[in-house]
Every structure is written in C-alpha cells, then in structure tokens.
Amino acid sequence: MTVGITWSEASARRMERQFLANPAAKDTGVAEIVGAMLGAHAQVLSAAELSVGVRAVGVTRAGVRDALWGRRTLVKTHGLVKTHGPRGTVHLLPAAELPLWCAVLPAVPSGASPFAAGVRVSEEQAREIVTAIGEALDGVCLTVDELSEEVVARVGSWAGDLVMPAFQGMWPRWRQVMHRAGQSGALCFGPDRGRKVTYTRPPRFTPMPAEEAVRELVRRYLRAYGPATPRGFAKWLAAGGGWATELFGRLAGEGLIEEVVFEGEAGWWVASGDTEFPKEGASGVRLLPYFDAYGIAAQPRELLFPGDAYRRALARGQAGNYPVLLVDGVVAGVWHQRRRGRRTTVTVEVLGRRLGAREERELAAQVGRVGEVLEAEAELVVGTVTAGPHA
C-alpha cells in the first residue's frame, strides 16, 4: 500500500534532519552539519556562516572559517555545476564529500556551449587548461591574474587571448573552463588576500564512479528533503527535467526509491524504506539567512511560503533572495540585519499574523543567536523590512 504523508509530517522531518528542530550538539563537526544540508550557499560567506551557526550549539563564524581555512574539513567550491556550485553558485561542501560531488556534477547533461566558435576551446585544450590550473595551484593560493599568468605560461599564449565578454571588459579564453577545473578537483577558493579573491587546489581525492555517485546523491537528497519530485530534484541541482525523470524511473526500477502520496498527490518519492515521519508537526521560531538550504530545497514552495509569504519572501517565485522567519516550519516573515562595528540591528517583519508570547521570546533568542554566530551584539526591532532582495 502506498504511504500517505502530510505537509506537517514532512516539514517536521526535514527540520529534524536539517538540525533546525534541535541544534546539533557541540561535538558535531561543522562539516557534518554542512553535509546534512547538502552544501551551504556561500556567495556571501557570512550567509553560509549563519546557515551553519543557527544549526549548532556554540558554533560561530570563527569556527566555520577554521574548518574552511585552518583544518580544511570544508571547501569553498568554485566550478561545481556549470560555473560555481549547485545551481551555479559558490557553496561550502565537506572536503570528504568531494569524491561524490566531483563525480555527480560532470555526469549531469549540459547544454551546448554558449560561446561563439572562435571563442570556444577544443576538448583537448580544455584538458590542458584544467591540468595547468591544478599544477599551478598545488600548495599555493593565487589571485585570478596570477593564475592566468601561470596557465598561459604552461599551455601557450592562445589561452590568454581576451575573447570572453566580461563585466567591464574581456576575459582570457582559458576562463571558460574554470568550472571544469572545479569539477575535477583542480581548483577551489582560497582565503581572500585583502580585497582580492584567491584560488587554491583542494585536498587530492579520487572521484567515485559516476553512476554510483548519482545514486548516492539522489538518496541523500531524498533523505534530507523528501518527499520530492524529479522536477524538484532537477530544479535544486540545475539539471534537466527529462534527465531527472528518467533517473528517478530507473532508480525506482532498481528498488532504490519508492513512490508516496504527499498531500493527496502521487508522484512524490522517498528513499526505499525511509517512510517514518514524525506525527507531531514542526514547532518553534527560526531565522534563516539568504539562500539557506532549507528554504531552497523544501517543496512544494506554496506550502513553505503560504499566503502573504509567497508574495513577500520570494522574488518572482525564487527562494533565497530574502532572509526568512520560520514559525512552526513555514515562512512567516522576512528579516534584515544592519551591522555597525560590533553591533547589529536585526529587523524582523512578521507577515499575516501576530506572534504569541512564547514565539516572541523564541524570536528574541534567535536574534541573540544570530549575534553570537556573527560575533556581534544583536538588537531586535520588529517592523517593516525596507531593504530589497540581496541587500
């Protein structure tokens, strides 16, 4: 008999598995938390630090940065999926999981090259560039200009031809395959040098077999965010819907995933045997930063962002553009912080309801936690958020 699951049950389990129902214990490693999220969005590093910090006891931005730059149990990826990371953006990933990600992402079908024939590099040239990048970054951190000099010196002047339209000029030819260097484990971000970004080579590893890695990623995605549809998985990974549908069909045939009825609709999937859900719904108040993994991946979006939240907390239907207030597992507001030195003011706009006394106390505690993570003294203001998306 097909299992039936409600939104309340699904959101409660997702919150539990995301360390949002109960923060991770002090002895839980930062990399384990990031692994449960399937990556922390890090286009703005402070947002990633908050995503991790609100899920753990005692973790601050310093702890995240130590894991990233000191102990190197985390990697700030560049080049995973098309240009940077999952969905084409910079992410923090556990270093131990690079064999998984760097096997999966090249296996996701991609479209035709966006570059004109006179700009594109051949497959042989692309391999030469990736090899040169890995050799140049082995054991050092280089700015993009320094890396460019090294690549051109290794493969030839053709790699440095300024043929790629960029923000304020033209980029050298070799940069069109920078994402492949990330996918192959030849390149990731290093610590900033003043205001300049640097790149380095992550710890060496051997990628998993591609098919095995794809199966494992689907299983982990369904464990973290299921029930889910092939379309939801494809959107999360920035993959083609047809490819994802065929993949889910194949995995179902192999008995690795099973279909469930979610909110009265068929076509939703969980990992085989993973059908236990909490009977009590999610509870509590949480503050999630820009592009937090929970807000991006949890579906269906209209249930996560009910009523006014769908209009106010999304940008043309896209999640992540606003930090969000969660109440009992659904979006109930937006928020914004403005930092001045050691102090930060957190303005929270509640949508379509009033907070009860318990919820107000929890919100104050969450604002305090934001301050702890960012190593600042936080002040709560309940009112209208005037800042726009990405502010």
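A short reminder: the numbers here are calculations on the coordinates, not readings from a lab. Nothing here was measured: the structure is a model prediction, and the numbers come from that model. Every residue, glycine among them, receives a Cβ derived from its backbone with ideal geometry; neighbour counts consider all protein chains shown.
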Legend entry - Relative contact order (percent, whole number), the chain, Cα cutoff 8 Å, 6+ residue spacing: 19
Legend entry - Global geometry of the stretch 115-202, whether rounded, prolate or oblate, following the gyration tensor of its Cα atoms and the 1.5 cut on a/c: oblate
Legend entry - Amide H contacts of Val75 (H built 1.01 Å from N, under 5 Å, at least 5 apart or other chain): Leu93, Ala95
Legend entry - Packing-based order for 210-218, 116-124, using average beta carbon neighbours within 10 Å, highest first: 210-218, 116-124
Legend entry - Reachable lysines from Lys76, criterion Cα separation under 26 angstrom, eight or more residues apart if same chain: Lys26, Lys196, Lys235
Legend entry - Label zone at Ala315, where the point sits 7 Å out along the Cα-to-Cβ direction: the stretch 372-391 residues whose backbone N lies under 15 Å: 386-391
Inset, instruction - Find how much the distance from Ser113 to Phe205 grows on full extension, using 0.36 nm per residue of separation minus their present alpha carbon separation; answer in nm with one decimal. - result: 30.3 nm
Legend entry - Label-point gap, in nm, between Glu246 and Asn22 - each point 7 angstrom along Cα→Cβ: 4.4
Legend entry - the stretch 160-219 versus the stretch 327-372: alpha-carbon centroid distance in Å: 36
Inset, instruction - Round to the nearest 10 and give me the degree value, 0 to 90, for the angle of helix 241-253's Cα axis relative to the longest principal axis of the chain. - result: 70
Legend entry - Full-stretch length increase - Glu212, Val381 - with 0.36 nm per residue and alpha-carbon distance subtracted: 55.9 nm
Inset, instruction - Could you state the angle between the C-alpha long axis of helix 98-107 and the longest principal axis of the C-alpha atoms of the chain, as a value from 0 to 90 degrees rounded to the nearest 10? - result: 80
Inset, instruction - Would you mind classifying the stretch 285-382 by shape? Square roots of the alpha carbon gyration tensor eigenvalues, ordered a ≥ b ≥ c; an a/c under 1.5 is rounded, otherwise it is prolate if a/b is larger than b/c and oblate if not. - result: prolate
Legend entry - Cα lying deepest toward the dipole's positive end in the chain, options Phe205, Ala228, Val64, charges on Cβ: Val64
Legend entry - Length gained when the stretch Arg231-Glu254 is fully extended (0.36 nm per residue, less Cα-Cα span): 6.3 nm
Legend entry - Whether the stretch 250-289 is rounded, prolate or oblate, judged on the alpha carbon gyration tensor where a/c under 1.5 counts as rounded: prolate
Inset, instruction - Identify which of Val34, Val57, Val270 has the largest mean-square fluctuation in a Gaussian network model of the chain, with springs joining Cα atoms closer than 10 Å. - result: Val57
Legend entry - Backbone N within the stretch 309-338 under 19 Å of label point (7 Å from Glu302 Cα along the Cβ vector): 309-320, 330-332
Inset, instruction - Would you work out the charge dipole size for the chain about its Cα centre, treating the Cβ of every Lys and Arg as +1 and the Cβ of every Asp and Glu as -1, and quote it to the nearest 20 debye? - result: 960
Legend entry - Nonlocal amide H pairs with Gly240, under 5 Å, H built at 1.01 Å: none
Inset, instruction - Take the chain, connect every pair of alpha-carbon atoms lying under 10 Å apart with a spring to form a Gaussian network, then pick out the residue of Ala40, Ala107, Ala224 with the largest mean-square fluctuation. - result: Ala107
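For the chain, what is the percent of antiparallel DSSP beta bridges, rounded to the nearest 5? Before the final figure, lay out each step's value.
Values: 38 of 47 bridges.
Bridges in the chain that DSSP calls antiparallel: roughly 80 percent.
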Legend entry - Residue with peak Gaussian network fluctuation, the chain [Cα springs, cutoff 10 Å], from Arg154, Arg195, Arg311: Arg195
Legend entry - Sites Arg195 and Asp66 - FRET efficiency at Förster radius 22 Å, r taken between beta-carbons, to 0.05: 0.50
Inset, instruction - For n ≥ 4 DSSP H runs only, could you compute -39500 (n - 2.57) per run for the chain, divide by its residues and tell me the 222 nm figure to the nearest 500? - result: -10500 deg cm²/dmol
Legend entry - Interchain or long-range residues, amide H under 5 Å from Val261's placed H: Val3, Gly4, Ile5
Inset, instruction - Starting from the stretch 112-204, pick out the chymotrypsin sites (Phe, Trp or Tyr not before Pro) whose DSSP state is loop and whose Cβ has at most 11 other Cβ atoms within 10 Å. - result: Phe167
